[in-house]
Amino acid sequence: MKLLLHHNNQTHSIALIPGQEITIGRDYSNFSIQNKLVSRNHLVLKEENNVVYFKDVSTNGSFLNGTKVKAQKWLPLAGKDKLALVKDTSIFIQLAVGAEKVEKSTGLLMDLLKQKSLVTIGRSNSCDIVLNERQISRKHASIERIGAKYFITDHSLNGTFVNGKRIIKKQELKHEDVLMIGLHQFSISQATKDFSKEIAISANDISLTFSNGTIGFHSASFSITKEKMVALMGPSGCGKSTLMQLLNGVYSPSSGDVKLFGLSVQSHFELMKQFIGYVPQENIVHEDLTIDEALFYTAKLRLGSHFNQSELDERINEVLGILNIQDAHLRTQPIKKLSGGQKKRVCIAVELLTQPKILFLDEPTSPLDPETIEEFLKSLRKLCELGTTVVMVTHKPEDLSFMDEVVFMGKGGYLVYHGGIDTIQQHFDCERLPQVYKKVSDAKEAQSFYQKFTKSKLHQKTAKQETVKQLETTDTAFFYQFWWLFRRFITLKINNKQNLFIALAQPLIIAFLILLVFPHLTENYEGLKKGNIGVLFITALSIIWFGISNSAKEIVGEKAIFKREHFFNLAILPYLLSKTTVLFLLTSLQTFLFLGIIKLGFPSLSEAGLQFIFLAILGLSAVCFGLLLSAWSKTTEAVMTMLPVALIPQIVLAGIVQPLENKLTETLSYFSLGRWGTEGLARIQDRSEQIADAPFLQLINANLYANTKQLEVASIHGNALILLLLSLFFLIFTYLKLRKEK
């Protein structure tokens, strides 16, 4: 059927295809109308048996021949009917005169491609195949027939997948290939399948046993339908977060399978992750960024390069509007200045950028006051109305008033209830919800309720559903991710002006102290040059301190952010190298300021350029060492406690305070940045003196090489090479630790 939409003295043609629904509204629609009286989703249209039906889903209502229609009810549209979207009938829809029935598609792309050489797929009504989902771009993809071959091109934000791999450029589409656009499966010679109609979450006999033998979740089955708001509740330590991470793919079940919209999460994770949003208890945004900056960089990293700036701005404005944090002044504030509720909404906004169909939240209301909680939960309810299924861990009974269903866990990892919020107390024979908590806080009693639940009608296994071809992992664009991580980290450093000021003040203060304490670098003593090795020793230690202090908190301080981004698509190597690069640049700037003042105070300091290059290499090794400490620390407090343990060996093993007199201390000194840094500086300074009795190396040789033959590495280049090898060693172990964290 064809319809005519009249708006702003213009007439637009709308084609309906049997079996497909289209939406008309201000946003989130196949056909967008920019009018404040038109709701984001206003009308849904479909054609069945050569009859057009419409359903009003708006806020202000729709009017059929001047009479307001009943909302959320399918009604037919007759030949002379006028269906208005606003009361003054300035925007209305009619059947086209002489409208012809569109031939029902067989569902084969091949049939359509026989009729035309280029087929477009997307959310816009102008596309040949219209897919009415928010995750689908207005023009999502196009398929072109060239001779006997077919080619697919992606134009979308969320991606087009062929055999599970996101396509980057135009590529050939073969007859046996499986094409996934959103939750719609296409093939050249096979019928289209729509997985969006399936159950949102289905857990089939899933269980989880940890490597130490502890059972995290006992075998159970349940399902959650679309667009529901579900509370995941239970006493502390019962396994609520464990179950949530089973459902969203963080954990793989020991047995059974979790399916989202009929597709296995584990087997099809590369595709399904775009439909999953997950906000853990910790905030997953950098608090030194503004709201706009946080969403911009996240969009660049998660959505990739498949969009233009206007589409990016539209997506950001959309999610901020849904969560009611779109105020211009608020968006330019550093996140650390926002309230707890606003911070949590920013975390959710980050997840909504990919427009997930299922949003998992781990105790989002815990830090919020009652007034903020109500406003926050209303925002979540709005998400459900827009088509998102929300599953949230909570321990607050008052949150249930906003929920559709509740999943209740008992002590020991037992699922004891899943159902409506109005029958839970009856199920446990309790008058109040706190009594339910008390009953299932005992593992034995929880087990008995678990057995009761598994035998009840509430515990129903989900029927076997369709699956698509198993997906592969998408290759990550290394340089693309590195660039945007680098830019985000630079922005973070610049935004935190207080820390940046302190970092740049450190070299100035320490350098002036050195000039104050040490009267000279070299002096004549009874006709011989005598070097003050203490100046070079403190210089090396200062650069080591700059590098380690700059980097020691960088990874541990954002572990929650890293885990979430890595879970989605963040590769470890660009993440680690972007941090190393920015911190190296910062440490080099500190080194430049420090060395400049030292040179002014000690004119006899020679080859300042070579000194700077060598100290920059020393700073790089210190940065890498600090990142290693950060990756292996559990908290920022723990890494600060470790700093003295890391720095004191740099002093003791350098061979300046005390000679290295045994094999053990000598071996340990090979891993000491203080040793190689001081020795390298001494060699550079002595080379410039050009005398036989090198004043600085006399002490170095006596303290480091008295008991061993002088090593071949004992040169400026050798010292620098050792520092670079130590940097690589530290980075490798940091990388391995981050891989283990995923």
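The values are calculated or read from the model by the stated rules, or taken from the named source; none is laboratory data. Since the structure is predicted, the reported quantities are computational estimates derived from the model, not experimental observations. Counting neighbours? That spans all protein chains shown, and the Cβs are built from the backbone with ideal geometry, glycine included. Each accessible area value is taken on the protein alone, full model and side chains, heavy atoms only, with ligands, DNA and RNA left out. Shrake-Rupley method; radii C 1.70, N 1.55, O 1.52, S 1.80 Å.
For first residues located in segment 393-408 and at positive phi, partners that are at pLDDT below 90 and polar (S, T, N, Q) and lie 6+ apart or on another chain with Cβ distances below 9 Å do not occur. Going by the structure shown, is SER633 in a loop (DSSP other than H, G, I, E, B) and hydroxyl-bearing (Ser, Thr, Tyr)? It is true that SER633 is in a loop (DSSP other than H, G, I, E, B) and hydroxyl-bearing (Ser, Thr, Tyr). Could you say whether any residue in segment 181-200 is touching a Phe, Trp or Tyr at 6+ places or on another chain (Cβ under 6 Å) and part of a strand (DSSP E or B)? For segment 181-200, residues touching a Phe, Trp or Tyr at 6+ places or on another chain (Cβ under 6 Å) and part of a strand (DSSP E or B): absent. Counting only strands (runs of 3 or more DSSP E) that sit completely within segment 229-314, those holding 1 or more residues that are under 20 Å from the mean Cα position of the chain (by Cα) and over 22 Å from MET180 (Cα atoms) correspond to 276-279. Exactly one residue among ALA608, ALA631, ALA560 is open to solvent by 10 Å² or more (accessible area, probe 1.4 Å) and in contact (Cβ under 8 Å) with a residue 60 or more places away in the chain, and that residue is ALA560. Listed by first and then second residue, the pairs with beta-carbon distance under 6 Å, at least 6 apart or on different chains, first residue in segment 436-458 and in contact (Cβ under 8 Å) with a residue 60 or more places away in the chain, second open to solvent by 70 Å² or more (accessible area, probe 1.4 Å) and basic (Lys, Arg), are SER441/LYS411; ALA446/LYS411. With respect to (1) open to solvent by less than 50 Å² (accessible area, probe 1.4 Å); (2) touching a residue at least 60 places away in the same chain (Cβ under 8 Å); (3) closer than 15 Å to GLU565 by Cα, the lone exception for LEU289 is condition (3).
Which one is modelled with the lowest pLDDT among residues in segment 88-108 that are crowded, with 17+ Cβ neighbours inside 10 Å and under 16 Å from PRO18 (Cα atoms)? Talk me through it step by step, then tell me what you get.
Kept after step one, since they are crowded, with 17+ Cβ neighbours inside 10 Å, are these residues of segment 88-108: 91-95, 99, 105.
So of that shortlist, the ones also under 16 Å from PRO18 (Cα atoms) come out as 95, 99, 105.
Details: LEU95: 86, ALA99: 40, SER105: 43.
Among those that are crowded, with 17+ Cβ neighbours inside 10 Å and under 16 Å from PRO18 (Cα atoms), it is ALA99.
Once segment 699-731 is narrowed to residues that are in a loop (DSSP other than H, G, I, E, B), closer than 15 Å to SER669 by Cα and under 48 Å from the mean Cα position of the chain (by Cα), the residue that is modelled with the highest pLDDT is ALA714. The set of residues from segment 638-687 being of a type outside the set (Gly, Ala, Ser), farther than 30 Å from LYS559 by Cβ and either open to solvent by 90 Å² or more (accessible area, probe 1.4 Å) or in contact with a strand residue (DSSP E or B) (Cβ under 9 Å, 6 or more places away or on another chain) (or both) comprises VAL657, GLN658, GLU661, LYS663, LEU664, GLN685, ASP686, ARG687.
What is the residue count in segment 507-521 for residues that are surrounded by 18 or more Cβ atoms within 10 Å (Cβ to Cβ) and of a type outside the set (Val, Ile, Thr)? Of the residues in that region, 3 qualify. Taken over segment 320-339, the criterion of being touching a residue at least 24 places away in the same chain (Cβ under 8 Å), part of a helix (DSSP H, G or I) and either open to solvent by 40 Å² or more (accessible area, probe 1.4 Å) or over 29 Å from GLY249 (Cα atoms) (or both) is satisfied by LEU330, ARG331, LYS336.
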